[in-house]
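Step one of this worksheet: look at the structure below.
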Amino acid sequence: MASMKERVSFPGILRGQGHEANCTVWATKVTLPGTGQSAYAKYSVENVSKMLPEGEYQLLANGEASAVRYQNGNWLSAS
């Protein structure tokens, strides 16, 4: 049986370079059939509450912290 996938969103916080901003994080929630266990993949940052300069940030969302980089108007994984 195939896993179930759905697109979900949750609030996040971006911190770095002396700045902090709220954002919306979209992810793909993958649930394994018969187990009820879920994992999140393919995070994307959207709807940032204020303009931030390019550079390195920490994304805090869904109980996890991830390194991200803002470059040329795009949020990219820094790892």
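The values are calculated or read from the model by the stated rules, or taken from the named source; none is laboratory data. Bear in mind the structure is a predicted one, so any value in this text is a computation, not a measurement. Neighbour counts run over all protein chains shown; Cβ positions are idealised from the backbone, glycine included.
Quick notes
- When R15, R7 are checked against the criterion of being in a strand (DSSP E or B), farther than 17 Å from L76 by Cβ and of a type outside the set (A, V, I, L, M, F, W, C), R7 stands alone in meeting it.
- Among the residues of the stretch 29-51, those that are within 15 Å of A2 (Cα to Cα), touching a residue at least 12 places away in the same chain (Cβ under 8 Å) and under 17 Å from the mean Cα position of the chain (by Cα) comprise K29, V30.
- Residues satisfying the stated conditions in the stretch 58-79, i.e. part of a strand (DSSP E or B), of a type outside the set (A, V, I, L, M) and in contact with an Asp or Glu (Cβ under 9 Å, 6 or more places away or on another chain): R69, Y70, Q71, W75
- Filtering the stretch 1-48 to residues that are at pLDDT below 95, at negative phi and basic (K, R) leaves K5, K29.
- Enumeration of residues in the stretch 1-18 that are over 14 Å from V68 (Cα atoms), within 18 Å of the chain's Cα centre (by Cα) and surrounded by 11 or more Cβ atoms within 10 Å (Cβ to Cβ): K5, V8, S9, F10, P11
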